[in-house]
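Chemist: Before anything else, here's the structure in question.
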Amino acid sequence: AGNNAGGNAAAGSQVCNGSTVTLSGEAGAPAASSNQFPAGTTLKVTNLDNNKSTTVKVTSVSGSCVLLNNAAFEQVREPGKFLIRRALIQKVG
């Protein structure tokens, strides 16, 4: 219980359990957009297939739990892949 708590999740807790993470195509410094967290929320996204992670601030609204921009996605992607199927998403601030 609580894994899909969204914006009310406690800091450090897993959120959006089972969600895939995709690429928004936006330029700029590493950032994310979300339909569950307000702008300013800090999220840590870990790709469980390669154990790479990035910590990003939510800067805008999107149609999914977490959508990473180009810079953030490059930090955690596997070569040639444009989707992270096994991701750990944690609210850290």
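Chemist: Among the residues of region 21-73, which ones are of a type in the set (V, I, T) and open to solvent by less than 60 Å² (accessible area, probe 1.4 Å)?
Modeler: Taking region 21-73 as the starting set, the residues that turn out to be of a type in the set (V, I, T) are 21-22, 41-42, 45-46, 54-56, 58-59, 61, 66.
Result: V21, T22, T41, T42, V45, T46, T54, V56, V58, V66.
Chemist: Moving on to the next point. Checking the structure you have, find out if any residue of region 52-63 is charged (D, E, K, R) and assigned to a loop (DSSP other than H, G, I, E, B). Give the steps one after another, and end with the answer.
Modeler: The initial filter retains those residues of region 52-63 that are charged (D, E, K, R), namely 52, 57.
This time we only want the ones that are assigned to a loop (DSSP other than H, G, I, E, B), so: none.
No: zero hits.
Chemist: Quick one: in region 74-87, of everything that is hydrophobic (A, V, I, L, M, F, W, C) and open to solvent by less than 50 Å² (accessible area, probe 1.4 Å), which residue is nearest to the chain's Cα centre (by Cα)? Reasoning before the result, please.
Modeler: Just the residues of region 74-87 that are hydrophobic (A, V, I, L, M, F, W, C), to begin with: 76, 82-84, 87.
After this cut, where a residue has to be open to solvent by less than 50 Å² (accessible area, probe 1.4 Å) as well, the list is 76, 84, 87.
Working: V76: 10, I84: 10, A87: 8 Å.
Out of the qualifying residues, it is A87.
Chemist: Working only within region 61-81, note down all residues that are modelled with pLDDT under 95, in contact with a Ser or Thr (Cβ under 7 Å, 6 or more places away or on another chain) and farther than 15 Å from G40 by Cα.
Modeler: The one that is modelled with pLDDT under 95, in contact with a Ser or Thr (Cβ under 7 Å, 6 or more places away or on another chain) and farther than 15 Å from G40 by Cα: S64.
Chemist: How about region 14-37: which of its residues are in a loop (DSSP other than H, G, I, E, B) and under 13 Å from the mean Cα position of the chain (by Cα)? I'd like the intermediate steps shown before the answer.
Modeler: Filtering region 14-37 for residues in a loop (DSSP other than H, G, I, E, B) gives 16-20, 24-31, 35-37.
The answer is C16, N17, G18, S19, T20, S24, P30, A31, N35, Q36, F37.
Chemist: Then there is this: So, in region 23-58, how many residues would count as being more than 18 Å from R85 (Cβ to Cβ) and of a type in the set (V, I, T)?
Modeler: Qualifying residue count, region 23-58: 5.
The values are calculated or read from the model by the stated rules, or taken from the named source; none is laboratory data. Just so it is clear, the structure is predicted and the values come from calculations on it, not from any experiment. Neighbour counts run over all protein chains shown; Cβ positions are idealised from the backbone, glycine included. The protein model used for the area step is the full one, side chains on, heavy atoms only, and it has no ligands, DNA or RNA in it. Shrake-Rupley method; radii C 1.70, N 1.55, O 1.52, S 1.80 Å.
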